[in-house]
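Here is the structure we will look at.
The values are calculated or read from the model by the stated rules, or taken from the named source; none is laboratory data. Since the structure is predicted, the reported quantities are computational estimates derived from the model, not experimental observations. FYI the Cβ positions are ideal-geometry reconstructions off the backbone, even for glycines, and counts take in every protein chain you see.
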Amino acid sequence: MEPVEVREAEELKGLAGIIVPGGESTTIGKMLVSSGLLDGIRSYFYRGGPVWGTCAGMVLAASATTGPRQPLLGVMNALVERNGFGPQVHSFEKDVEVEGFDGPFTGVFIRAPFFEDVGPGVEVLSELDGRIVAARGENILVTAFHPELTDDTRFHEYFLEEVCGIERS
Amino acid sequence: MAENGRLTGTFRVKSGMAQMLKGGVIMDVVDAEQARISEEAGAVAVMALERVPADIRADGGVARMSDPEMISSIQEAVSIPVMAKARIGHFVEAQVLEALEVDYIDESEVLTPADEKHHIDKAAFEVPFVCGATNLGEALRRIGEGAAMIRSKGEAGTGNVVEAVRHMRSIIGGIRRLGVLEEDELMSEAKELQAPYELVRWVAENGRLPVVLFTAGGIATPSDAALMMQLGADGVFVGSGIFKSGDPASRALAIVKATTHFKDAKAVAEASRGLGEAMVGREMGSLSEGERLAARGW
């Protein structure tokens, strides 16, 4: 596995999967529109390309937000609440239970979103205090928290094996 | 601290927040309208302050934390993170900003220092801090005090990128130097740097700072931003450069684009087209010793 950065739509060609990372979803959304990546990622997704969205990536994956309109990929049937847990002083770490995982996973929630509701085709993988914080569809995974800020690689393995369909060598 | 089983204010949560700003531009704003223009242009955060550095320079006097009223109006105006500045060593201004629930505090040399010897004990706060640094030792001292993000200082309010370049090269060069030292040379180097030994060791092993490194102080054009990114910055603070220019909205957007596509000269050229007047710049030789803000901080 070799990780590469994608800033242009052409760079999506031949990738085994893509990760839409954390950040400011409004900023990322604007840059996705101006770079042509919004349509690029959508067509990558609809051709079956595996996508994992963390935090802002989860916001962008949703089909609608509870807040003001902003550019979204809209590839997941879900209603998202941005900054669902409040401003940075309320950002936190907490262990969450994840469907199919052997033991809790330390969720690092940074100005994190949550799914208020999901529609058909979306499977909830984890909830925190009644809020959906991880979910998946056929070829998409979303997490409201940041597995990449921990040393626990179970979500990375889950994405590669269960979503991308790559066999462990 | 723990609230309903949630662990808040951990270093991972504080430094992780800065990780999410990487590759982005943070813009100085003095009112809600400027904050909206910045958000619209694609800023990843705004820095609320009473006067931009160029005006602080021109007006003189003591520069302090902003009016909470103004900070709140900016928080209401945008959904992106709102940062605010506290004076060096003024831990009560920092307590006030934390009570206002700003997303990040900049313990900043742009404001008049409140303490000539001590910086704020930043580890004691739930809210994360960013601090300026001119070299590696200064950066590691601030991280030792709990800073969760570093920015090279540059010389704010001058529209001249030369000091930002000097400080970024100094920090990155310092990191590179640690990488080639032998284990038994690190203690002596820590003494030279006047930095905590454990952090010196960490940097020597990992080849980077343990927190995100932005740049600041004098960035006025899209090319300035791309220059700093190519020199190794993780992102850019732009102060006076945007709202002291002829066409702030266009310049803000152009600097965001140049920061995103910093390796793509065609994209930087495209972003730079027809922006109108940049802010008026100051040559470093024209600044007296007392006017040099980067010298503040210890």
* Structure fact -> Conditions (1) surrounded by fewer than 24 Cβ atoms within 10 Å (Cβ to Cβ); (2) in contact with a Gly (Cβ under 6 Å, 6 or more places away or on another chain); (3) under 28 Å from B:Glu291 (Cα atoms) -> B:Ser170 fails only (2)
* Within segment B:196-220, can you find the residues that are assigned to a loop (DSSP other than H, G, I, E, B) and closer than 26 Å to B:Ile255 by Cα? -> B:Arg208, B:Leu209, B:Val211, B:Ala216, B:Gly217, B:Gly218, B:Ile219, B:Ala220
* Does any residue of segment B:76-99 turn out to be of a type in the set (Ser, Thr, Tyr), part of a loop (DSSP other than H, G, I, E, B) and more than 25 Å from A:Gly29 (Cα to Cα)? -> no
* **Check on A:Phe145, at pLDDT 95 or above, surrounded by 19 or more Cβ atoms within 10 Å (Cβ to Cβ), part of a helix (DSSP H, G or I) and out of contact with any helix residue (DSSP H, G or I) (no Cβ under 7 Å at 6 or more places or on another chain)** => no
* Asked: On the given criteria, is B:Ala267 closer than 20 Å to B:Val44 by Cα and without any contact (Cβ under 8 Å) to a residue 12 or more places away in the chain?
  -> yes
* Asked: In segment B:243-298, how many are more than 18 Å from the chain's Cα centre (by Cα), within 14 Å of chain A (Cβ to nearest Cβ) and of a type in the set (S, T, N, Q)?
  -> 1
* Condition test on A:Gly67, is it within 14 Å of another protein chain (Cβ to nearest Cβ), at pLDDT below 95 and within 30 Å of B:Phe11 (Cα to Cα)? -> yes
* In the set B:Ala58, B:Ala54, which member is more than 14 Å from every other protein chain (Cβ to nearest Cβ), outside any loop (DSSP other than H, G, I, E, B), in contact with a Ser or Thr (Cβ under 6 Å, 6 or more places away or on another chain) and at pLDDT below 95? -> B:Ala54
* Taking A:Val124 and the conditions (1) touching a helix residue (DSSP H, G or I) at 6+ places or on another chain (Cβ under 6 Å); (2) more than 25 Å from A:Leu38 (Cβ to Cβ), which numbered condition does it fall short on, given that it satisfies the others? -> (1)
* Filter pass, B:Glu69 being in a helix (DSSP H, G or I) and out of contact with any helix residue (DSSP H, G or I) (no Cβ under 9 Å at 6 or more places or on another chain) -> yes
* To do: Scan segment B:1-35 for residues that are part of a strand (DSSP E or B), facing another protein chain (nearest Cβ under 7 Å) and not hydroxyl-bearing (Ser, Thr, Tyr) and jot them down.
  => B:Arg6, B:Leu7
* Structure fact -> Going through segment A:140-169 in order, the residues found to be closer than 18 Å to A:Ala78 by Cβ, of a type outside the set (Phe, Trp, Tyr) and touching a Gly at 6+ places or on another chain (Cβ under 6 Å) are A:Val142
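Yes/no matrix, rows are residues, columns are (1) within 14 Å of chain A (Cβ to nearest Cβ); (2) surrounded by fewer than 20 Cβ atoms within 10 Å (Cβ to Cβ):
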| site | (1), (2) |
| --- | --- |
| B:Ala94 | yes, no |
| B:Ala99 | yes, yes |
| B:Thr112 | no, yes |
| B:Phe129 | yes, no |
| B:Thr134 | no, no |
* **Selection status of B:Glu76, touching a His at 6+ places or on another chain (Cβ under 9 Å) and within 14 Å of chain A (Cβ to nearest Cβ)** => no
